[in-house]
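Inspection log for the structure reproduced underneath, given as structure tokens.
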Amino acid sequence: MPIGVVLLALFAIIGGVFSIIWGLALSGTGGASWLTGILFSDGLRSWGGNAFNAGLWSMAIGVLQLVTGFGLFARQRWAWLLALIAAALAVITPLMALFSGNPWALFGLIIPGLIFYYLLADNSVKRAFGRA
């Protein structure tokens, strides 16, 4: 198995754990803000609802990354496709931030872009998963 696949699997698992932790924190903070916004301000309530939804999205992506990482370690054929899907989904948040005027979001596009390129361009990776 190519060393790059091992590194992708490790990064997917580590990223998945951090995404789940971040999602839990963001959902908890967002939920509490939404609840206190009912009493105090509509702006706080709106921010809390958005943060809660972003936390749920982060947790879903984290679970997807964990499944992808373990599938890559096991060299399952479906893991290659799931890694492509996970990289594509990881691009959504930075693209939304970029379109809303945050130029720093370009940095969030680098790693998923590299993963996408590596999975598609390297024939040894495709062979490892029966795709070439």
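Within the stretch 17-31, count every residue that is in contact with a Phe, Trp or Tyr (Cβ under 9 Å, 6 or more places away or on another chain) and surrounded by 14 or more Cβ atoms within 10 Å (Cβ to Cβ).
At the first step, the residues of the stretch 17-31 found to be in contact with a Phe, Trp or Tyr (Cβ under 9 Å, 6 or more places away or on another chain) are 23, 26-31.
The next check asks that each one be surrounded by 14 or more Cβ atoms within 10 Å (Cβ to Cβ); those that pass are 23, 26-27, 29-31.
Number satisfying all stated conditions: 6.
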Legend entry - Filter result (of a type in the set (A, V, I, L, M) and more than 23 Å from LEU56 (Cβ to Cβ)) within the stretch 1-16: MET1, ILE3, VAL5, VAL6, LEU7, LEU8, ALA9, LEU10
Inset, instruction - Inspect all residues belonging to the stretch 33-48 and state whether any of them is in contact (Cβ under 8 Å) with a residue 24 or more places away in the chain, in contact with a Gly (Cβ under 8 Å, 6 or more places away or on another chain) and at negative phi. - result: no
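Using the structure shown, decide if ALA60 is surrounded by 17 or more Cβ atoms within 10 Å (Cβ to Cβ), within 9 Å of the chain's Cα centre (by Cα) and assigned to a helix (DSSP H, G or I).
no
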Legend entry - Top-ranked residue in the stretch 84-132 [being more than 19 Å from the chain's Cα centre (by Cα) and assigned to a helix (DSSP H, G or I); ranked as surrounded by the most Cβ atoms within 10 Å (Cβ to Cβ)]: VAL125
Legend entry - Check on LEU81, assigned to a helix (DSSP H, G or I), over 17 Å from LEU7 (Cβ atoms) and free of Cβ contacts under 8 Å to residues at least 12 places away in the same chain: yes
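Only one residue in ALA87, ALA83 is modelled with pLDDT of 85 or more and in contact with a Phe, Trp or Tyr (Cβ under 8 Å, 6 or more places away or on another chain). Which one?
ALA87
The values are calculated or read from the model by the stated rules, or taken from the named source; none is laboratory data. Because the structure is predicted, anything quoted here is derived from the model rather than measured. Note that we place each Cβ from the backbone using ideal geometry, even for glycine, and neighbour counts take in every protein chain shown.
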